[in-house]
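Before any comments, here is the structure.
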Amino acid sequence: MLNRAKRNILMNVYFLATAILVLVADQVTKSIIIERVPENSSIEIIRGLLYITHVKNSGAAFGMFQGYTNILAVVSIVAIVLIIILKVILKLDFAFYNVSLGFILGGAIGNLIDRYFLGEVTDFINLSFIPVFNIADFSLIVGFCLIIILIIREYFKREKARRS
């Protein structure tokens, strides 16, 4: 078994590697879309299901809260600071937790970069049944879903232990 210091380092690696992977994937894919797909045009990938559609979004994930770029940038900065504080203070040494926070951090930074440098976010993944989104949006949703799963799992563990 790993000693405490090595385990902490490993958890930090999971957290940072996930955040960096998400951030790089987000920024690289957005750059490719900006360079190769004209704005407001689509490329069909799977007819009736999946398209690459280059749109600009001055709102939040999935096109919500259009026109609130500055407020969303501040919310992103606060969220990034809170994620880092949570990571440092809670010191939970579950890989699942650290990867989840990494997804959220990477997604938040990815969209913040767009808001800061471009004034809006580039979205391009178009599934026919939901609004257009990007890798950062997807990662934020995945991270939050994983955190919810963790919370639910811990709740049921505690309930089971309490009943025993």
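For region 116-132, the set of residues classified as modelled with pLDDT under 95 and surrounded by fewer than 23 Cβ atoms within 10 Å (Cβ to Cβ) consists of TYR116, PHE117, LEU118, GLY119, GLU120, SER128, PHE129, ILE130, PRO131, VAL132, listed by residue number. Screening the candidates GLY107, GLY143 for the property of being under 24 Å from THR18 (Cβ atoms), surrounded by 13 or more Cβ atoms within 10 Å (Cβ to Cβ) and in contact (Cβ under 8 Å) with a residue 60 or more places away in the chain yields one hit, GLY107.
Set side by side, the residues ARG4, ARG36 differ, and just one is exposed (fewer than 11 other Cβ atoms within 10 Å of the Cβ), under 18 Å from THR122 (Cα atoms) and not aliphatic (A, V, I, L, M), which is ARG36.
Determine which single condition TYR14 fails, assuming it passes every other condition in (1) aromatic (Phe, Trp, Tyr); (2) at pLDDT 95 or above; (3) closer than 15 Å to VAL121 by Cα. Checking TYR14 against (1) aromatic (Phe, Trp, Tyr); (2) at pLDDT 95 or above; (3) closer than 15 Å to VAL121 by Cα, the one that fails is (3). Every listed requirement among (1) at pLDDT below 95; (2) assigned to a strand (DSSP E or B); (3) more than 12 Å from VAL121 (Cα to Cα) is met by LYS56 save one, (3).
The values are calculated or read from the model by the stated rules, or taken from the named source; none is laboratory data. No experiment lies behind these values; they were computed from the predicted model shown. No Cβ is skipped: glycine too gets one built from the backbone with ideal geometry, and neighbour counts run over all protein chains shown.
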